[in-house]
Amino acid sequence: MNELLIVKILSSIILQSAPLMIAVTGETITERAGVVNLSLDGKMLLAAMTGFAVAYTTDSVYLGFLAAALIGALFALIVAFGSITLKLNQVAIGFVLTLLGSSLSAFLGQNFTRLPGPSVGKFSIPYLKDLPVLGPMFFDQNAIFYFAVLVVLAAWWWLFRTQPGLYLRGAGERPEAAFARGAGVNRLRYFYTLLGGALVGVAGAAYSLGIKIGWSENHTAGLGWIALAIVIFGGWSPIRGAIGAILFGATKALATVFQQNVAGVSVQTFNALPWVLMIVVLLLVSSDWVVRAAAWLPPRLRGPFLRLVQVAPPRALGVEFKQD
Amino acid sequence: MHVELQNIRKHFGSVKANDGISLTFEPGRIYGLLGENGAGKSTLMKILAGFQPADSGHILLDGQPAHFANPAAALRAGIGMVYQDPLDFPPFTVLENFLLGKDRRLALDFRAASAELKHLMGRYGFEIDPQANIQSLSLGERQQLELVRLLAGGGRLLILDEPTTGISAEQKDALFASMRHMARQEDRTLILVSHKLDEVQELCDHAYVLRAGGFAGEHPLPCDNNLLVEKMFGQVPRRSPRPALPLETNLLELQQVTVRTPRLTLQNINLTIRAGEVFGLAGLEGNGQELLMQAIAGLAPIASGRLLLAGRDITRHAYHQTLADGVAYIAAGRLEEGLVAGLSLTEHIILSAPRVKQTFFIRWEGARRVTAERIQAYEVVGTPQSNADQLSGGNQQRLLFAMLNPDLKLALLNQPTRGLDVRSADYIWETLYRRRAEGAAILFISPDLDEVIERSDRIAVFSGGQMSRIVKASQTSAEELGHLIGGRQ
Ligand SMILES: Nc1ncnc2c1ncn2[C@@H]1O[C@H](COP(=O)(O)OP(=O)(O)OP(=O)(O)O)[C@@H](O)[C@H]1O
Ligand SMILES: [Mg+2]
């Protein structure tokens with residue numbers, strides 16, 4: 001393999017992971033506020049279909065993205081209304097919506113399968129794109145990639161560097177305490193569930209308008225579940241989540257390469273590789289190994305190190321909040 | 001701000017937590033709110049702070065009716081509160097926890113907040129690393145942070161629900177001085193909910209007393225303690241005598257025990273505790289007394305040395321083994337460490353039964369009967385079906401004791417009477433004295449030096465992981481202990 005090919009593969013890995021990055025960020029925001037929206041997979045399918053269909057009909061990718069975001073937000077609204085207002089089980093609602101989204105997308109998308117349509121183009125950044133290796137990987141990419149990076153960074157900043165972000169995390173960690181500090185917990189949860197849902201919708205359209213352009217049944221199937229797993233892998237942080245998404249893409253690409261070069265091992269084995277890796281990493285960081293490793297560090301770095309690697313879900317994830 | 005509560009009523013099912021209470025609070029004054037456990041103090045204050053809505057009744061601020069749908073509305077009206085159990089965010093850092101809700105600016109200024117926090121903590125003599133995680137702090141430190149947050153905010157009415165359970169005498173002096181300043185110079189209103197009558201007498205101008213959800217009387221302060229106690233309980237409760245007991249057999253022996261944590265090291269501790277003995281541990285929070293207790297309980301690993309219980313080596317026993325050995329540990333954090341908020345009293349009793357008595361299928365009938373008995377024996381205000389978080393703070397504490405099993409050799413108690421009213425505290429000690437007569441030893445931690453001296457046979461003081469010489473309770477004074485706490489021998 002020559003260098004050019006490697007760079008090409010890497011840059012394709014990075015582009016492939018862009019929708020995943022957006023979806024992971026959306027769900028991360030929702031879960032940080034204390035709501036699990038399990039409908040990701042169905043929501044992404046329906047949004048991918050809608051996004052493409054609207055873009056195809058109106059010949060505008062922007063309207064396509066808008067429609068997809070609305071679909072995502074609508075699904076999120078159902079989850080929010082069911083779990084926050086009606087106090088129903090979040091997991092159950094999510095599963096039902098997953099099935100609904102996937103069937104609806106197949107049904108409504110019948111007339112849009114395998115059509116050529118509008119798509120999002122490349123966006124090169126002058127000068128930077130000419131850098132060796134890094135240029136083609138990061139600065140000569142599809143516009144969706146830049147959008148994904150923007151979303152990830154903005155979400156991270158919002159969560160960890162702003163006052164509303166503190167409230168958002170507070171609502172997911174200990175709603176009654178956030179409430180005592182003046183938060184409208186359920187209002188916050190509604191808002192971030194909708195926002196997260198809209199982002200997941202955008203992620204669906206990003207796939208059908210930028211990665212694998214067009215629509216066919218089960219176009220993005222599986223992607224939503226992968227995103228859900230990466231939210232956990234990313235420790236409910238957008239940046240870690242984005243890295244997780246890229247790593248996931250990379251191991252998948254690696255699996256493809258192995259598959260072509262190692263005979264006698266079944267395809268499934270290689271497809272399982274990313275998952276196995278993910279489980280191993282999660283096991284490592286949640287064991288007390290990291291604590292022992294931290295003991296070797298200078299005391300000043302121990303806290304930040306542990307915060308970086310140790311992950312814990314928001315404590316009130318999926319727990320309803322009710323005033324006495 | 002002139003605050004008036006009119007006919008506040010709040011019922012939880014059949015429990016009348018507040019049954020038509022009317023109180024008035026004037027600006028520039030400090031009020032003590034007294035009453036036995038479960039009298040309805042916290043409920044009333046939570047209503048005033050907007051945390052809970054009242055069933056009926058009115059709140060008037062400067063004569064204008066106010067409706068607090070949530071704490072946000074109360075905060076806007078200038079009413080802030082420190083809750084009885086710290087309402088903070090365990091996975092956050094101290095700094096993030098301090099910043100949450102502090103101001104309306106979008107971007108957080110960590111540097112400025114860190115400087116402000118350090119300055120404020122310096123004022124009260126608190127020492128907490130702003131970068132530490134809340135969950136690594138002791139309960140007292142978490143309370144300190146809540147206090148600092150409230151006092152830093154600009155509220156005009158400040159409510160403090162039992163704020164002094166986790167701070168030392170010196171820190172308390174600084175805290176009280178600044179509370180006085182807020183009332184006298186800044187014309188704010190302060191309400192202190194407390195069971196420590198001496199503190200209330202020292203700080204407050206006026207006392208309101210609640211009993212069983214109703215108003216039971218008021219009195220300008222200072223006044224005779226007995227006057228207040230009589231209003232609280234209807235009569236002056238008797239103090240249970242402390243029976244003398246010969247202490248002969250050694251029960252617990254620590255030989256050169258060393259325990260290491262990232263924050264603190266206990267080096268070569270030697271200690272012998274005899275059957276029937278009450279041994280008090282004093283010191284500022286986080287100076288090693290809690291760690292020692294956890295090491296004995298099997299909750300913190302012993303790096304070197306030996307631990308003997310009735311002659312048996314239990315150095316390497318984990319918590320579930322020491323439990324089976326007849327050791328019990330009661331943590332300071334009731335809801336945080338000791339109880340499961342969403343489980344009923346019956347379920348707690350079932351969980352606490354010794355392993356050998358546990359069966360695969362739960363015998364609900366018997367469990368409910370035992371629970372009812374324990375509820376009666378420990379005078380818990382609640383039913384076998386109540387959830388732990390529905391009990392008042394003091395009643396949660398009683399539940400912890402109701403969970404102690406009959407055959408007990410060694411009780412390790414971290415702040416056993418935290419948040420208990422005088423009568424309940426006395427009651428708890430009475431039950432502990434009975435255990436003691438049966439041959440159990442009691443090792444306990446309390447920030448209240450008077451309690452340590454009154455209840456112990458012998459006392460050790462911890463300072464920076466060092467254990468002081470052991471003093472006899474009958475031959476020591478609060479002054480001497482204070483010196484030892486400061487690290488002077
Ligand atoms: N959320 C709730 N659900 C059910 N009952 C409750 C709830 N909160 C309080 N109660 C009941 O209301 C009564 C008053 O409780 P409250 O917490 O106001 O007492 P308190 O005076 O603060 O006592 P303490 O000194 O023990 O803290 C208690 O009997 C308690 O069990
Ligand atoms: Mg209370």
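The table below lists the values:
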item: Any chance B:ASP109 is among the charged types (D, E, K, R) and under 19 Å from A:PRO164 (Cα atoms); result: yes
item: Single condition B:VAL82 does not satisfy, out of (1) within 14 Å of another protein chain (Cβ to nearest Cβ); (2) surrounded by fewer than 24 Cβ atoms within 10 Å (Cβ to Cβ); (3) on the phi < 0 side of the Ramachandran plot; (4) within 16 Å of ligand 1 (Cβ to nearest atom); result: (2)
item: Meets criteria (among the small types (Gly, Ala, Ser) and either within 14 Å of chain A (Cβ to nearest Cβ) or away from ligand 1 (no atom under 14 Å from the Cβ) (or both)) for B:ALA425; result: no
item: Unique match (being under 19 Å from B:HIS119 (Cβ atoms) and within 16 Å of ligand 1 (Cβ to nearest atom)) among B:GLU186, B:GLU146, B:GLU199, B:GLU170; result: B:GLU146
item: Strands (runs of 3 or more DSSP E) fully within the stretch B:275-385 counting 1 or more residues that are surrounded by 13 or more Cβ atoms within 10 Å (Cβ to Cβ) and modelled with pLDDT under 90; result: B:327-330
item: Any chance A:ALA221 is outside any helix (DSSP H, G or I) and hydrophobic (A, V, I, L, M, F, W, C); result: yes
item: Flag for A:ARG302 being within 14 Å of chain B (Cβ to nearest Cβ) and either without any contact (Cβ under 8 Å) to a residue 40 or more places away in the chain or not charged (D, E, K, R) (or both); result: yes
item: Lone unmet requirement of (1) part of a helix (DSSP H, G or I); (2) within 16 Å of ligand 2 (Cβ to nearest atom); (3) away from chain A (no Cβ under 14 Å); (4) not aliphatic (A, V, I, L, M) for B:ASP389; result: (3)
item: The listed residue being buried (at least 20 other Cβ atoms within 10 Å of the Cβ) and either touching a residue at least 12 places away in the same chain (Cβ under 8 Å) or of a type outside the set (S, T, N, Q) (or both), out of B:PRO243, B:PRO220, B:PRO237, B:PRO163; result: B:PRO163
item: Strands (runs of 3 or more DSSP E) fully within the stretch B:171-239 counting 3 or more residues that are more than 16 Å from ligand 2 (Cβ to nearest atom) and modelled with pLDDT of 90 or more; result: B:214-220
item: Unmet requirement for A:GLY244, which otherwise passes all of (1) outside any helix (DSSP H, G or I); (2) modelled with pLDDT of 90 or more; (3) not hydrophobic (A, V, I, L, M, F, W, C); result: (1)
item: Where B:VAL3 falls short, out of the listed (1) in contact with an Asp or Glu (Cβ under 6 Å, 6 or more places away or on another chain); (2) among the β-branched types (Val, Ile, Thr); (3) surrounded by fewer than 24 Cβ atoms within 10 Å (Cβ to Cβ); result: (1)
item: Only one of A:LEU166, A:LEU128 that is at negative phi and at pLDDT below 95; result: A:LEU128
item: Single residue of B:VAL278, B:VAL259, B:VAL327 found to be farther than 23 Å from B:LEU247 by Cα and among the β-branched types (Val, Ile, Thr); result: B:VAL259
item: The listed residue being closer than 30 Å to B:GLU127 by Cα and touching a helix residue (DSSP H, G or I) at 6+ places or on another chain (Cβ under 7 Å), out of B:ILE362, B:ILE302; result: B:ILE302
item: Test: residue in the stretch A:62-83 that is over 15 Å from the mean Cα position of the chain (by Cα), on the phi < 0 side of the Ramachandran plot and not in a helix (DSSP H, G or I); result: no
item: Considering residues of the stretch B:166-194 that are more than 22 Å from the chain's Cα centre (by Cα) and basic (Lys, Arg) only, the residue surrounded by the most Cβ atoms within 10 Å (Cβ to Cβ); result: B:ARG188
item: Cβ pairs under 8 Å, 6+ apart, first in the stretch B:39-50 and within 8 Å of ligand 2 (Cβ to nearest atom), second part of a helix (DSSP H, G or I); result: B:SER42/B:GLY393
item: Any pair with Cβ under 8 angstrom, 6 or more apart, that starts in the stretch B:415-437 at a residue that is closer than 17 Å to B:MET293 by Cβ and ends at one that is basic (Lys, Arg) and within 15 Å of ligand 2 (Cβ to nearest atom); result: B:ARG418/B:ARG334
item: Flag for B:GLN135 being within 11 Å of another protein chain (Cβ to nearest Cβ) and either of a type in the set (D, E, K, R) or within 27 Å of B:GLU170 (Cα to Cα) (or both); result: yes
item: B:GLY153, sole failed condition from (1) more than 16 Å from ligand 1 (Cβ to nearest atom); (2) within 14 Å of chain A (Cβ to nearest Cβ); (3) under 23 Å from the mean Cα position of the chain (by Cα); result: (3)
item: Elements of type helices (runs of 4 or more DSSP H) in the stretch A:88-192, at least 3 residues being in contact (Cβ under 8 Å) with a residue 24 or more places away in the chain, away from chain B (no Cβ under 14 Å) and not aromatic (Phe, Trp, Tyr); result: A:90-108, A:143-161
item: Enumeration of residues in the stretch B:392-409 that are within 16 Å of ligand 2 (Cβ to nearest atom) and among the acidic types (Asp, Glu); result: none
item: In the stretch B:204-217, residue farthest from the other protein chains (Cβ to nearest Cβ) [restricted to those that are crowded, with 23+ Cβ neighbours inside 10 Å and more than 13 Å from ligand 1 (Cβ to nearest atom)]; result: B:ALA207
item: Filtered residue count, the stretch B:72-95, keeping only those that are assigned to a loop (DSSP other than H, G, I, E, B) and within 16 Å of ligand 2 (Cβ to nearest atom); result: 5
item: Inter-residue pairs, beta-carbon under 6 Å, first part of a loop (DSSP other than H, G, I, E, B) and in the stretch B:97-126, second aliphatic (A, V, I, L, M), 6+ apart; result: B:LEU100/A:LEU166; B:LEU108/B:LEU99; B:GLY125/B:ALA174
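The values are calculated or read from the model by the stated rules, or taken from the named source; none is laboratory data. Since the model is a prediction, treat every value here as computed from it, not as a measurement. Cβ atoms come from the backbone with ideal geometry, glycine included; neighbour counts cover every protein chain shown.
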